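Heads up: the structure comes next, in structure tokens.
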Amino acid sequence: MIRAGVLLAALLLAPATIAGPQQEPTAPATQLAALSVPRGVTPVPQSLAPPQATEVLFGRKKRREGSVCGDPEIKGDDFGDVAGKLPGCGAKDAVQVREISGVRLSQASLMTCRTARALKTWINREVETAFGRRNKVVGLRVAAHYACRTRNNRPGAKISEHGRGRAIDISGFTLESGETITVLHGWQKRKTRRKLKKIWRAACGPFSTVLGPEADRYHRDHFHLDVARHRNGAYCR
């Protein structure tokens, strides 16, 4: 009887030894996600991936909307091949440009992508800040772009580069202040003539032909810019 009482007391006082199987601690979700990523690939933190990735993709898509020539800074429309009315005229894969590097053209201008890229280089190199960084150029006044005609509209002359989409004529520069500096009047004033000459010189390089007010009577009120190739290099006058 005493032995049975001792045995009962031992059972009541002893710690419970009968329990379910011990469970392994659950791994954090980040560890489980890392295990599912193939070896050699760095996992992207879940807190950063969705919002930032979406924002970057949206930003790129927005910049490319309305762009041509594979350049998000050249805005316009694809025009396609232009058939010339005269022998020698016409342009292949032409584009109609409205804006370059944030600088607006006074009219949508038809040209080749090569011409548009040259215009962008010129704008970025000198035009935009020619009249000061606090009063930047925001617009170009276009006097002429594509036109199937002879040089200077003279009968019997060679086809102009305008008739091939390789030329553009610029007659003025509009500033942030709203003022427009024209080639015709600005070339006559000491205050603006030096800056216009600097713009004219900067065009020689991106463009292979650059004509200004001192070239001849046909260009006294604008800059003629084209990308025609010459055997002896650029022709700037």
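Observations
- Just so you know, in the stretch 66-94 the residues that are in a loop (DSSP other than H, G, I, E, B) and open to solvent by 30 Å² or more (accessible area, probe 1.4 Å) include one that is modelled with the highest pLDDT, and it is Gly70.
- Flag for Ala144 being in contact with a helix residue (DSSP H, G or I) (Cβ under 9 Å, 6 or more places away or on another chain), under 20 Å from His185 (Cβ atoms) and at pLDDT 95 or above: yes
- Meets criteria (part of a loop (DSSP other than H, G, I, E, B), open to solvent by less than 50 Å² (accessible area, probe 1.4 Å) and among the small types (Gly, Ala, Ser)) for Ala108: no
- Looking across the stretch 197-237 at every residue that is touching a Ser or Thr at 6+ places or on another chain (Cβ under 6 Å) and outside any loop (DSSP other than H, G, I, E, B), the one that is modelled with the lowest pLDDT is identified as Tyr235.
- Qualifying positions in the stretch 128-143 - within 21 Å of Cys236 (Cβ to Cβ) and either buried (at least 21 other Cβ atoms within 10 Å of the Cβ) or touching a residue at least 60 places away in the same chain (Cβ under 8 Å) (or both): Ala130, Val137, Leu140, Ala143
- Cβ-Cβ distances below 6 Å connect the following pairs, each with a first residue in the stretch 70-87 that is within 16 Å of Arg117 (Cβ to Cβ), a second residue that is open to solvent by 80 Å² or more (accessible area, probe 1.4 Å), and a separation of six or more residues or different chains: Pro72/Arg63; Pro72/Arg64.
- Residue within the stretch 56-65 that is open to solvent by 100 Å² or more (accessible area, probe 1.4 Å) and at pLDDT 95 or above present: no
- The residue that is surrounded by the most Cβ atoms within 10 Å (Cβ to Cβ), among those in the stretch 144-169 that are of a type outside the set (Ser, Thr, Tyr) and part of a strand (DSSP E or B), is Ile168.
- Matching residues, the stretch 170-196, being within 23 Å of Ala118 (Cα to Cα), part of a helix (DSSP H, G or I) and open to solvent by less than 50 Å² (accessible area, probe 1.4 Å): Val183, Leu196
- Verdict on Val97 being more than 16 Å from Pro206 (Cβ to Cβ), in a strand (DSSP E or B), modelled with pLDDT of 95 or more and β-branched (Val, Ile, Thr): no
The values are calculated or read from the model by the stated rules, or taken from the named source; none is laboratory data. Since we're looking at a predicted model, the values are computed, not measured. Note that each Cβ is placed from the backbone with ideal geometry, even for glycine, and that neighbours are counted across all protein chains shown. Just the protein is used for accessible areas: all its heavy atoms, side chains included, with ligands, DNA and RNA removed. Shrake-Rupley method; radii C 1.70, N 1.55, O 1.52, S 1.80 Å.
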